[in-house]
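Here the structure is laid out as C-alpha cells; the discussion comes afterwards.
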C-alpha cells in the first residue's frame, strides 16, 4: 500500500473504534458510532491532520470545535443535519459535503444511518507553540 495515496470507502476493512456520544452531550438517543481513523499525522508547524471513515446510527448530540479545529466531511450514505447555536442548520445526503469552521458550536443530528469520509485539521498545537 502506498502511504502517499489513500482510498476511503463506505465499507472499510478491519475493526473500527466504536463509541457513543458522552451522556452530557446527548440530545436524542445514544447512537453507536464506528470510526476508522486512517490518518493521524503531524503537519508543520505543529498542526495535526485526522482522516478516515465514520459510521453512525440515528441520534443527536452537541458538538463543539476548538478555535483552531475544522472539519470537511462528505456523506457517502444516509443523511445528517448540523445545527448551529442560532437555530439554523445545513442538511447533507449522499454526495454532499459540509465544512465545519473553527469555533463552531451546535448539534450533529443523524437522520438516517450514515457513513461519511472526514478530514479534520487541528492547529491548536501550532497556536500554543
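The values are calculated or read from the model by the stated rules, or taken from the named source; none is laboratory data. Computed from a prediction, not measured in an experiment: that's the story for all the values here. Here the Cβ is made from the backbone with ideal geometry for all residues, glycine too, and neighbour counts use every protein chain on show.
Key figures for this structure:
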| item | result |
| --- | --- |
| Complete set of residues in region 11-27 that are assigned to a loop (DSSP other than H, G, I, E, B) and at pLDDT 95 or above | 15, 16, 20, 21, 22 |
| Those residues of region 35-66 which are more than 13 Å from the chain's Cα centre (by Cα) and not in a strand (DSSP E or B), in sequence order | 44, 45, 46, 57, 58, 66 |
| Per-region count, region 92-111, residues in a strand (DSSP E or B) and within 17 Å of residue 54 (Cβ to Cβ) | 10 |
| Region 62-87 residues that are in contact (Cβ under 8 Å) with a residue 60 or more places away in the chain, paired with ones that are assigned to a loop (DSSP other than H, G, I, E, B) (beta carbon under 6 Å, 6 or more apart) | 67/102; 67/103; 76/10; 77/10; 77/94 |
| Unmet criterion (only one of (1) part of a loop (DSSP other than H, G, I, E, B); (2) touching a residue at least 60 places away in the same chain (Cβ under 8 Å)) for residue 5 | (2) |
| Filter result for the condition that a residue is farther than 19 Å from residue 35 by Cα, buried (at least 16 other Cβ atoms within 10 Å of the Cβ) and at pLDDT 95 or above, over 55, 83 | 83 |
